[in-house]
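The values are calculated or read from the model by the stated rules, or taken from the named source; none is laboratory data. Computed from a predicted model, the values in this text were never measured in an experiment. All Cβ positions, even for glycine, are placed from backbone atoms using ideal geometry, and neighbour counts span all protein chains on display.
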Amino acid sequence: MGMDRQIDKKKWPPRKIAAVASVAAFVLILLYLFLFQFNKSTLNVEAERITISTVTMGPFLEFIPIQGMVMPISRYTLETLEGGRVEKRFMEAGTMVKAGEPIAELVNTDLLLNIMWREADFVQQSNQLRQTRLNMEQYTQQLRQTMNGIENELAKQKTTYERSETLYRDQLVSELDFEKIRLDYEYMVRNKDIMAESQKKELEYREEQLKSLEDQLHRMETNLQTSKKKLDALIIRAPIAGQLTMLDAEIGAFKAPGANIGQIDVLDAYSVRAQIDEHYITRVEVGKAGSFDLAGKSYGLKVRRVFPAVRDNRFEVDLDFVGAAPPDLRRGQTLHIKLELGDIAEALLIARGAFWDTTGGNWIYILDGSGKVAVKHTIRLGRYNPEVYEVLEGLKPGDQVITSSYESFGDMERLVLK
């Protein structure tokens, strides 16, 4: 009797199992990306709520907007040379003044008393010098009389000596008498020399005293004149002709030496003073150009001076007009200026926008060919001005990018425009 034979099931070969597993894994990955990752990084946005800009090639000029204030080129600050209380005001702020006109007068009682004492000392010193000169003349006259008497006696003694010498040679006078006459004569000669030397030293000493008094009197006179000039300086006068634009001198107010009490402006020429953020202090130099529009016309400016001091994170510059200045300018008038920081150069440009606040200029959303989808794209930006950014890498002319705010987009990689 024949017996039934068990038939073994045919198993899949390992190679087939591996292929099926790979296909299944690939399908699962695609399914995961489609269901989770892709949906997570895509955001629908309304097209009318964003700003789309086109990347273009064009001239780039780096400039910063600043505000400048019109000021006269020539202005003079009125300062007090001496302190005192304001006694008179001869004019008010806004008045046109001529050079030398009095503006205000101060009074200083201490200075007045000081001048009175100096005048009294000067008069006393003058009288003392006058008396010293008189004494000097009298003393000189006495010395002359004394020397005249000595010379007269010496002449007599010389005559006696010469006669005695002749008589002594003729043996008509004893040797003892002759020696006495000779000794007296030689004594008078030495005495004359001694007296002459003494008188010379005495006169030199008195002349030095007299010169010292004269020098002292001269110094006193100089000091007195200086004090009187200080008294004249209590009247504040206009050093130049112009407009008195400021005056701080209330009657009775005390002003210390060196106090600023006013300013005079020369109104025949103006300049502009502007304050700039300290971030640009190394880039703003003398000669940099600027421009502004006023009453439908454009005017040029050029930096004349840069003040290195930084106050409240800002520094100041003075700018002069290039060519004719606008008519009817007023001191204190504000001008909106474009200050150039570099030369014009051809560059790849995109419009400035709020996207910078989120990206820092490191990436941007770029639209595809359909114009309906925008994808995050890495870029590198360079210089900028208030209107455009310079593109260094990542974009080409004709690309369309979103330049409005990205604040509501989060970390989305892809935007779909509706």
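Things to note:
- Any chance residue 145 is exposed (fewer than 14 other Cβ atoms within 10 Å of the Cβ) and touching a residue at least 12 places away in the same chain (Cβ under 8 Å): no
- Selected residue (only one of 135, 127, 114 is closer than 28 Å to residue 261 by Cα, part of a helix (DSSP H, G or I) and not charged (D, E, K, R)): 114
- Sole residue being under 23 Å from residue 61 (Cβ atoms), in the same structural domain as residue 48 (by TED's automatic domain parsing) and of a type outside the set (A, V, I, L, M, F, W, C), chosen from 371, 398, 410: 398
- Extreme residue, surrounded by the fewest Cβ atoms within 10 Å (Cβ to Cβ), among residues of segment 297-331 that are touching a helix residue (DSSP H, G or I) at 6+ places or on another chain (Cβ under 8 Å) and part of a strand (DSSP E or B): 314
- When 55, 123, 70, 107 are checked against the criterion of being of a type outside the set (Ser, Thr, Tyr) and without any contact (Cβ under 8 Å) to a residue 60 or more places away in the chain, a single residue qualifies: 123.
- Condition check for residue 277: surrounded by 10 or more Cβ atoms within 10 Å (Cβ to Cβ), out of contact with any Leu (no Cβ under 8 Å at 6 or more places or on another chain) and not assigned by TED's automatic domain parsing to the domain that holds residue 378: yes
So that you can scan it fast, the table gives a plain yes or no per residue for (1) in contact with a Leu (Cβ under 9 Å, 6 or more places away or on another chain); (2) exposed (fewer than 14 other Cβ atoms within 10 Å of the Cβ); (3) of a type outside the set (D, E, K, R); (4) more than 30 Å from residue 96 (Cα to Cα):
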position: 156; (1), (2), (3), (4): no, yes, no, yes
position: 179; (1), (2), (3), (4): no, yes, no, yes
position: 242; (1), (2), (3), (4): yes, no, yes, no
position: 252; (1), (2), (3), (4): no, yes, yes, no
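- Qualifying residue in segment 401-414 (condition: touching a strand residue (DSSP E or B) at 6+ places or on another chain (Cβ under 9 Å), outside any loop (DSSP other than H, G, I, E, B) and closer than 15 Å to residue 351 by Cα): yes
- Taken over segment 164-176, the residue count meeting the criterion of being surrounded by 13 or more Cβ atoms within 10 Å (Cβ to Cβ) and assigned to a helix (DSSP H, G or I) is 4.
- Counting only strands (runs of 3 or more DSSP E) that fall entirely inside segment 240-289 and contain at least 1 residues that are more than 25 Å from residue 326 (Cβ to Cβ) and of a type in the set (Asp, Glu), the qualifying elements are 270-277.
- Qualifying residue in segment 368-387 (condition: among the acidic types (Asp, Glu) and in contact (Cβ under 8 Å) with a residue 40 or more places away in the chain): no
- Selected residue [closer than 29 Å to residue 384 by Cβ and either of a type in the set (A, V, I, L, M, F, W, C) or at pLDDT 90 or above (or both)] from 325, 259, 289: 289
- Filter result (surrounded by fewer than 16 Cβ atoms within 10 Å (Cβ to Cβ) and more than 19 Å from residue 245 (Cα to Cα)) within segment 86-113: 87, 107, 109, 110, 112, 113
- Lone qualifier among 186, 214 - being assigned to a helix (DSSP H, G or I), surrounded by 13 or more Cβ atoms within 10 Å (Cβ to Cβ) and either out of contact with any Asp or Glu (no Cβ under 7 Å at 6 or more places or on another chain) or outside the structural domain of residue 115 (by TED's automatic domain parsing) (or both): 214
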